[in-house]
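**Student:** Please read through the structure below; I'll follow up with questions.
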Number of protein chains: 2
Amino acid sequence: MPKLNVVKIGGAVIEEEDKLLSFLKDFAALKGPKILVHGGGKKASLWAEKMGIPVQMKDGRRITDAPTLELISGIYAGQVNKTIVAHLQAFGCNALGLSGADGNAILAHKRPVKAIDYGFVGDVEYVNASLYQQLLDQAIVPVCCALTHDGKGQLLNTNADTITAEIGKALAKSFETKISYCFELPGVLKDIHQKDSLIEKINEASYTELLLNNTISAGMLPKLHNAFEALHAGVDEVAIGATKMINNPIPYTSITLK
Amino acid sequence: MPKLNVVKIGGAVIEEEDKLLSFLKDFAALKGPKILVHGGGKKASLWAEKMGIPVQMKDGRRITDAPTLELISGIYAGQVNKTIVAHLQAFGCNALGLSGADGNAILAHKRPVKAIDYGFVGDVEYVNASLYQQLLDQAIVPVCCALTHDGKGQLLNTNADTITAEIGKALAKSFETKISYCFELPGVLKDIHQKDSLIEKINEASYTELLLNNTISAGMLPKLHNAFEALHAGVDEVAIGATKMINNPIPYTSITLK
C-alpha cells in the first residue's frame, strides 16, 4: 500500500509567520501523498474582539454562535487557509484548500444540546474518502480547515484534531497512514516541566501502564484517546511532537498498537 | 464540443440571503458543466469599518493594502465562498470553492505602480485550464472567488468580472462557452432609466453603431469591452442580465461576434 502522511498544525506555528514558513517549507519537501489539516490559531479571538463579537469558551472549546461562525469561516477557510495554500504553491507543493463543504469533503451534524449548547459545532458523520483519493491521484495536496457542513446548507465548526483523525481513518483502507500532530512540545512527556522526559514509544500495553501510574497530563489524554481510536480504525502510526519532526530526524512520541 | 456555463454574480445577490438562495437554487438546476464566479459584495467594507481598517476606493476599485487583503481573503475565500458552497451542496450541486492559489488555479502579477498604487491587486497571467477541466470531468462545480496569487506566496485581489472572462477564455478551447454576467438590471439598456429599453442582441457591427451614437452608459462600457475581448478569444456568447436569466426564459442582452 502507498504511504500517506496526514499532518495537523495549530497554535503558534499558525500565528507566527516565520514559524509557519519554516514548517510549510518542510511540509512541501515531504515526499509522497500528504494532507495538511490546520486550526485557526488565536486570530479568531483577535478578530472577534476587534469586531465586538464576545468570545465564549467552555473547557477550552469555543461556543460558536452565528456571528462567531461567520467570523471563523472567514478566518479558517479564507485568511489562514489561503495564506497556507499560497505559500505551499510558492514552495512547489500543489496545495488546494478544502472546508468540509467543498466537494462534500466532510459531512457532520450539529452537536445536540445537552448540558452545554456549543452552537454551530459539528460532530463528523462521514468523510468523502474518494474526493481526497481523486485529489491525491492528481498529485494535489489537500489543505483542510476546521469547518464541516451538515448537507443542508449549514457550515459547522469542528475540532481540527478530530478532523485529522477522521480523515486518517477514512483513508487507512487505501494507504499505509501516518498521522502527525504537531505542537509546541517535543511529544508526550513523563513530566510536563521537563522537555527531556519525552516518551518516544507508546503502544497499547504501555499506555495502560501510563494511565495506571497517572503519568500523562490531563491535557494530553484526549489526544492519546483519539490516537488509539484512529489506530484501531486502521491508521498505522500516530506521531505527537514538535513541528520540525515531520521532515527532520528529531525524536517524537510514536504511538502504535503493538 | 460540450457546452460550458461560466456565471458571475455580485452585489445585492450576495448580500441578501433570500436573493442568494433563490439564485443558487437556479444555478444548481442548470444542466451540464458550469463554473460560478462571485464578488464579495459590501461585506468587505462592512467588516473593514468594524475592524477600523480604512476603506479606500479609487474609481470604484478598492485600494488593497496588507490589512485589507487579509480581510478580503477572509471574506471572499472564506465567509462568502463557503456559504455559497454549503448552500449549493444542499441543492444537490457538488460545488468546490477555489481561490486562484488553490491548485494554482489563477496566476497573476501585482499591478505595477503608475499614477495610482492599487496595492495587492493582481493582473491575470495564466489560468490553469487543466485543473478546471479535471474538476468538471469529475462533475465537480468550481466556485471561484476574486483572489489570485503570484506563485511566490502572495495573494492578490483581482476583479471578479476579469476572472470570469479569463476563465471563459481559457476553457473556450475545450467547450462551447457562454459567460453570463448577472446583475441588478435586465441587461444593457438604451436608456438607463427605462428598464423596458433592453437591447436584446449586440454584435460587433451594432456595437460600433451604439458607440457612435453614445447609447451605452459609461458604467457598461468596460463590461462590453471585456465581452468582445472574450468573444475574440473564442467564447461563444456573453450574456448580461438579471440573475434570473441563467435558468429562466426571460430577456437579456446576448452579445456575440456576428
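Any read-out appearing in this document is the output of simple, stated calculations on the displayed coordinates, not a laboratory observation. What you are looking at is a predicted structure, and each value in this text was computed from that prediction instead of being measured. Note that each Cβ is placed from the backbone with ideal geometry, even for glycine, and that neighbours are counted across all protein chains shown.
**Student:** Could you check which residue among A:E17, A:E229, A:E176 shows the biggest mean-square fluctuation in a GNM of chain A with a 10 Å Cα cutoff?
**Tutor:** Of A:E17, A:E229, A:E176, the Gaussian network model singles out A:E17 as fluctuating most.
**Student:** How big is region A:149-240 along each principal axis, measuring the range of its Cα positions in Å and listing the largest first?
**Tutor:** 47, 27, 22
**Student:** Need one number: convex hull volume per residue for region B:76-135, Cα atoms only, in Å³. Provide the component values of the computation, followed by the final result.
**Tutor:** On the way: hull volume 5.4 nm³, N = 60.
Given the Cα convex hull of region B:76-135, per-residue volume reads 90 Å³.
**Student:** Per DSSP H run of at least 4 residues, take -39500 (n - 2.57); add these up for the protein assembly as shown, divide by its residues and hand me the 222 nm value, nearest 500 deg cm²/dmol.
**Tutor:** Calculated at 222 nm, the ellipticity per residue is -9500 deg cm²/dmol.
**Student:** Between A:D137 and A:F91, what's the calculated FRET efficiency when r is the beta-carbon distance and R0 is 22 Å? Round to 0.05.
**Tutor:** E between A:D137 and A:F91, to the nearest 0.05, is 0.55.
**Student:** Could I ask something else about it? For region A:1-83, what Kirkwood radius comes out of the mean inverse Cα-Cα distance, in Å?
**Tutor:** Hydrodynamic radius (Kirkwood, Cα pairs) of region A:1-83 is 14.3 Å.
**Student:** Could you give the distance between the Cα centres of region B:176-201 and region A:86-112, to the whole Å?
**Tutor:** Cα centres, region B:176-201 to region A:86-112: 37 Å.
**Student:** What translational diffusion coefficient, to the nearest whole µm²/s, does region A:3-183 have by Stokes-Einstein, given a Kirkwood radius computed over alpha-carbon pairs, a temperature of 25 °C and 0.890 mPa s viscosity?
**Tutor:** Rounded, D is 149 µm²/s.
**Student:** Quick one: Cα centre-to-centre distance for region B:1-61 and region A:10-46, in angstrom?
**Tutor:** 29
**Student:** For region A:121-130, just list the computed ³J(HN,Hα) in residue order, Karplus coefficients 6.51, -1.76 and 1.60, θ = phi - 60°, integers in Hz, with x standing in for Gly and Pro.
**Tutor:** 10, x, 9, 5, 9, 7, 10, 7, 4, 5
**Student:** Given contacts defined as C-alpha pairs under 8 Å and at least six residues apart, what's the relative contact order of chain B, whole-number percent? Could the numbers behind the result be given before it?
**Tutor:** Working: 516 pairs, mean separation 56.4, N = 258.
About 22 percent, as a whole number.
**Student:** Projecting each Cα onto the charge dipole of chain A (Lys/Arg +1, Asp/Glu -1 at the beta carbon, about the Cα centre), which of A:L30, A:L210, A:T158 comes out farthest on the positive side?
**Tutor:** Of the candidates, A:L30 comes out farthest on the positive side.
**Student:** When chain B is modelled as a GNM with alpha-carbon springs shorter than 10 Å, which of B:G40, B:G52, B:G78 fluctuates the most?
**Tutor:** B:G52
**Student:** Can you give the FRET efficiency to the nearest 0.05 for B:S130 and B:K258, using r as the Cβ-Cβ distance and R₀ = 41 Å?
**Tutor:** After rounding to 0.05, the efficiency reads 0.85.
**Student:** Additional query: Please identify, among B:D26, B:D196, B:D161, the residue showing maximal mean-square fluctuation in a Gaussian network model of chain B using a 10 angstrom Cα cutoff.
**Tutor:** Its mean-square fluctuation being the largest, the pick is B:D196.
**Student:** Put a point 7 Å out from Cα along the line to Cβ at A:G60; what are the distances to that point in the other copies, in nm, shortest first?
**Tutor:** For A:G60, the other copies' label points sit at 5.2 nm, shortest first.
**Student:** Taking a label point 7 Å out from Cα toward Cβ, give me the nm distances from A:E17 to the same spot in the other copies, shortest first, one decimal.
**Tutor:** Computed spacing set for this position: 3.6 nm.
**Student:** Then there's this: Picking from B:G92, B:T68, A:A12, whose Cα lies most toward the positive end of the charge dipole for the protein assembly as shown (charges on Cβ: Lys, Arg +1; Asp, Glu -1)?
**Tutor:** Highest projection toward the positive end goes to B:G92.
**Student:** Something else: What aspartates and glutamates does B:K42 reach when the alpha-carbon gap must be under 18 Å and sequence neighbours fewer than 8 apart in one chain are set aside?
**Tutor:** Answer for B:K42, where 18 Å is the Cα cut-off: A:E70, B:E15, B:E16, B:E17, B:D18, B:D59, B:D65, B:E70, B:D161, B:E184, listed by chain and number.
**Student:** In addition: Along the Cα-to-Cβ line of B:D117, 7 Å from the Cα, sits a label point; which residues in region B:42-56 have backbone N less than 17 Å from it?
**Tutor:** B:54-56
**Student:** Mind jotting down the distance between the C-alpha centroids of region B:204-258 and region A:203-245, whole Å?
**Tutor:** Centre-to-centre (Cα) distance: 62 Å.
**Student:** How large is Rg over Rh for region B:141-202, taking Rg from the Cα atoms and Rh as the Kirkwood inverse mean of 1/r across Cα pairs? Walk me through the numbers before you get to the answer.
**Tutor:** Values: Rg = 15.9 Å, Rh = 14.4 Å.
That ratio equals 1.10.
**Student:** Shifting gears a bit: Rank by packing, highest mean first: peptides A:246-252, B:141-147, with packing defined as the count of other Cβ atoms within 10 Å averaged across residues. Spell out each step's value before the answer.
**Tutor:** Working: A:246-252: 15.1, B:141-147: 26.6.
Ranked by mean Cβ neighbours within 10 Å, highest first: B:141-147, A:246-252.
**Student:** Sticking with this structure for a sec: So if we plug the beta-carbon distance of B:K173 and B:K19 into 1/(1 + (r/R0)^6) with R0 = 25 Å, what FRET efficiency do we get, rounded to 0.05?
**Tutor:** Taking R0 as 25 Å, the efficiency between B:K173 and B:K19 is 0.15.
**Student:** Please work out, to two decimal places, the log10 of the ratio I(q)/I(0) at q = 0.08, 0.13 Å⁻¹ from a Debye calculation in which every Cα of the protein assembly as shown carries one identical scatterer.
**Tutor:** Once normalised to I(0) and log-transformed, intensities are -0.52, -1.24.
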